[in-house]
Amino acid sequence: MNPTWEKTKQVIDRHRITYGVIGALLIAMLLTAISLSLYVSSGASRLDLSRPGYESARGDIEQNTNETPFSSTGPLNSDVANEFQQRFTAARDSLNSLDDFNSNALDDAELQIAPTADE
C-alpha cells in the first residue's frame, strides 16, 4: 500500500469520533436548511401566527363558540350515535365543499382565521 494512504487511514482511525460529530453536525445543518426552505416555499410561514410581529393577530383570534363540544363521556346509545353522525356529516360536507385546487385555499377567510365581511 501507499505510505500516504496508511498515514491518512491512521489519522482517520485516531479521530473517528471527531469526524463523526462533524459529519452529524453537517447533516443536521443540511436538513435544517432544507426544512426551512420548504417551510418558506410551501407558504406555511404565512400561516404561522407564532412568529414575532403577529402578537396583534393572535389577539384577534376568536374561538368558535357556536358549536358545543361533543362529550367524550356518558352513555353510548342510539341518540348519542345519531348526534355524532349528524355532526360528522356536517363537518365532512363543509370540508367537501372546498375546492382542492382553488388558489384561495390558503386564504385567511377560507381557513377561518380572519374575521369575515359579515362580522
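Restricting the calculation to alpha carbons of the range 1-51 gives Rg and Dmax of 19.7, 61 angstrom. Using θ = phi - 60° in the Karplus curve 6.51 cos²θ - 1.76 cosθ + 1.60, the 3J(HN,Hα) couplings for the range 80-89 round to 5, 5, 5, 4, 4, 5, 5, 5, 5, 4 Hz; x is entered for Gly and Pro.
Footprinting exposure proxy ranking of THR73, THR32, fewest other C-beta atoms within 10 angstrom first, gives THR73, THR32.
Where a number appears in this text, it was derived from the coordinates with a stated rule and is not lab data. Quantities reported herein were computed from a predicted structural model and do not represent experimental measurements. Glycine gets a Cβ as well: all are built from the backbone with ideal geometry, and neighbour counts include every protein chain shown.
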